[in-house]
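To start, the structure under review is shown below, and the notes come after it.
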Amino acid sequence: MRNSYHFVGIGGIGMSSIAQVLREQGHTVSGSDRNYDRQITPHVFTKLMSKGISLHPQNGSGVSENTNFIVVSSAIEKDNPDIAKATTLGKKIIKRAELLAEMVNSKYGIAIGGSNGKTTVSSMVGYVLDHAGLFPTIIVGGCIKNYTDDLTLGNAKTGKSDIITIEADESDGSIVFYKPRISVITNISKDHESIENLSKMFETFSQNTQDTLIINADCPHLKVIPFKNKHVVTFGLNTSATLCANNIIHEQFRTTFTVDGQMFKIPLPGDYNVSNALAAIAVARHLNISDKNIALALNQFMGVQRRMDIIGEVDGIKVIDDYAHNPKKVTAVINGIKHGCKRVISVFQPHGYRPTIFMQKEFVDAFISVLSPHDILFMPEIFYAGGTANKSISSADLVNSIKQGGKNAFFVEKRDDIIPMIKKEARAGDCIVVMGARDNTLTEFCQKIVNSLKGKSHT
């Protein structure tokens, strides 16, 4: 049965992926987005339109009597004009997570969840399975570079088989809706919710898993959850795991390791990406893909946009774009970059007032612990995505505490004002990393940094 879907906020990375798959399956798909109205990130919307998705101003005009379903994310306000129009017409409004759960639960679902790493792992899994000829449908929260071109975002791929691999989000509690055949839990760390609440969610997620549960043996918070699945596979960097990495060799933006004598190479830095690869290997092995074919696919995996994404290099200075938005991920990214890098210059843009208040201490502790004496941190004001918010905190509060910890930290209210400061400071051997979530213009900001560095002599 063919349906008509209208996505409110279709430009979001999670919304656009589902929209593309539904369109490729033959459904009628339309959407609206505030960024489309503001002409922000126009390339995203150009690519969606190239797939046959119609776009409308977010004023209710995209919703009609012919629309069967209105799809919304948790970020959409109730007074949104599209929602108001849908309510007036009596149309069914469904959450993105509910729609995705329906798609997963009716197929051979593979769901990857966790506080950190789920985008990279789900992308790796999708690519390895696709490379092996299993033709999965892939829905992830990032753009896989192997699938990205002038007309394709790369965050979705419609397959021919019954297999669907997805990134399962825990930020709004929706992870409990999924009932996959295989599930992966990468780790648990304080992010949108407390450790206690997250542990309860992931316990339910594990209980809903029909076949195999794959978990990170190195995560202390996962060790205390009473998993009761029939088949549990563990992965990690310690010898107690079912799947363990050995002989890890870190190079600049490339890592080599072995598993059971098979060598694997990934074009990504850091122990955390070794852990991500182990999770993907575990899934692929369960589906009877040979280690040789897995290794070949992982070596060809180009990574995900905004996940340790090298935007450019000028005179020995690399500029890197990353989605890191919680304390653990910030620590992992900076530590990963340090392999082969003389100094790290970080730009961290906190997203949302509530998350920043919730994790204030953890952010401060993370930067104090990971920054070397010669590293530099710049922090613009908190990114505000809309909605009601308690604005009683500023990035300046975090910076002041980090400075008290003896680190080179600077609050610069307007983000673009950081660029000339970086241009003046950067020198050969530095890695500049821009970190932050939700703000689709951060990649453009990275490109501005690259452009500013061109023509400068660095010694």
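The values are calculated or read from the model by the stated rules, or taken from the named source; none is laboratory data. Here the structure is a predicted model, which is why all the values come from computation and not from measurement. Cβ sites come from the backbone with ideal geometry, for glycine too, and all protein chains shown count toward neighbours.
Quick notes on this one:
- Here Ile40 fits the description: surrounded by fewer than 23 Cβ atoms within 10 Å (Cβ to Cβ) and at pLDDT below 95.
- Test: residue in segment 401-410 that is closer than 19 Å to Met308 by Cβ, surrounded by 14 or more Cβ atoms within 10 Å (Cβ to Cβ) and aliphatic (A, V, I, L, M): no
- Within segment 171-183, residues that are at pLDDT 90 or above and in a loop (DSSP other than H, G, I, E, B) sit with their Cβ atoms under 8 Å from residues that are among the acidic types (Asp, Glu) and surrounded by fewer than 18 Cβ atoms within 10 Å (Cβ to Cβ), at 6+ positions apart or across chains, in these pairs: Arg181/Asp211.
- Entry remark, segment 353-395: residues being part of a loop (DSSP other than H, G, I, E, B) and surrounded by fewer than 20 Cβ atoms within 10 Å (Cβ to Cβ) number 15 in total.
- Among the numbered conditions (1) modelled with pLDDT of 95 or more; (2) in the same structural domain as Asn146 (by TED's automatic domain parsing); (3) surrounded by 20 or more Cβ atoms within 10 Å (Cβ to Cβ), the only one that Ile320 does not meet is (2).
- Boolean, Lys85 is basic (Lys, Arg), within 22 Å of Asp169 (Cβ to Cβ) and more than 26 Å from the chain's Cα centre (by Cα): no
- Unique residue being in contact (Cβ under 8 Å) with a residue 24 or more places away in the chain and basic (Lys, Arg) when the list is Lys157, Lys200: Lys157
- Here Val330, Val344 are screened, and the one residue that is in a strand (DSSP E or B), assigned by TED's automatic domain parsing to the domain that holds Lys423 and under 22 Å from Ala437 (Cα atoms) is Val344.
- Qualifying position, being outside the structural domain of Gly31 (by TED's automatic domain parsing), assigned to a helix (DSSP H, G or I) and in contact with an Asp or Glu (Cβ under 7 Å, 6 or more places away or on another chain), among Ser122, Ser115: Ser122
- The residues of segment 428-443 that are among the charged types (D, E, K, R) and modelled with pLDDT of 95 or more amount to a single one, Asp430.
- Every residue from segment 91-112 that is over 26 Å from Ser194 (Cα atoms) and part of a strand (DSSP E or B): Lys92, Ile93, Ile94, Tyr108, Gly109
- Helices (runs of 4 or more DSSP H) contained entirely in segment 205-317, each with at least 1 residues that are at pLDDT 95 or above: 271-286, 291-300
- Put simply, of Asn299, Asn293, Asn276 the only residue that is of a type in the set (S, T, N, Q), under 29 Å from Thr239 (Cβ atoms), touching a residue at least 12 places away in the same chain (Cβ under 8 Å) and crowded, with 18+ Cβ neighbours inside 10 Å is Asn276.
Residue-wise test of (1) of a type in the set (S, T, N, Q); (2) free of Cβ contacts under 8 Å to residues at least 12 places away in the same chain; (3) surrounded by fewer than 23 Cβ atoms within 10 Å (Cβ to Cβ).
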| site | (1), (2), (3) |
| --- | --- |
| Ala245 | no, no, yes |
| His250 | no, no, yes |
| Thr256 | yes, yes, yes |
| Gly270 | no, no, yes |
| Ala284 | no, no, no |
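- Lone unmet requirement of (1) within 24 Å of Glu102 (Cβ to Cβ); (2) aliphatic (A, V, I, L, M); (3) in contact (Cβ under 8 Å) with a residue 40 or more places away in the chain for Ile188: (1)
- Hey, Ser115 out of contact with any helix residue (DSSP H, G or I) (no Cβ under 6 Å at 6 or more places or on another chain), crowded, with 22+ Cβ neighbours inside 10 Å, in contact (Cβ under 8 Å) with a residue 24 or more places away in the chain and within 26 Å of Ser50 (Cα to Cα) or not: no
- Number of positions in segment 437-453 that are assigned to a helix (DSSP H, G or I) and either in contact (Cβ under 8 Å) with a residue 40 or more places away in the chain or closer than 22 Å to Arg34 by Cβ (or both): 9
- Verdict on Lys200 being among the charged types (D, E, K, R), assigned by TED's automatic domain parsing to the domain that holds Gln58 and surrounded by fewer than 23 Cβ atoms within 10 Å (Cβ to Cβ): no
- Tally of residues being more than 18 Å from the chain's Cα centre (by Cα) and part of a loop (DSSP other than H, G, I, E, B) across segment 133-166: 11
- Some residue of segment 86-96 being touching a residue at least 60 places away in the same chain (Cβ under 8 Å), touching a Gly at 6+ places or on another chain (Cβ under 8 Å) and surrounded by fewer than 19 Cβ atoms within 10 Å (Cβ to Cβ): no
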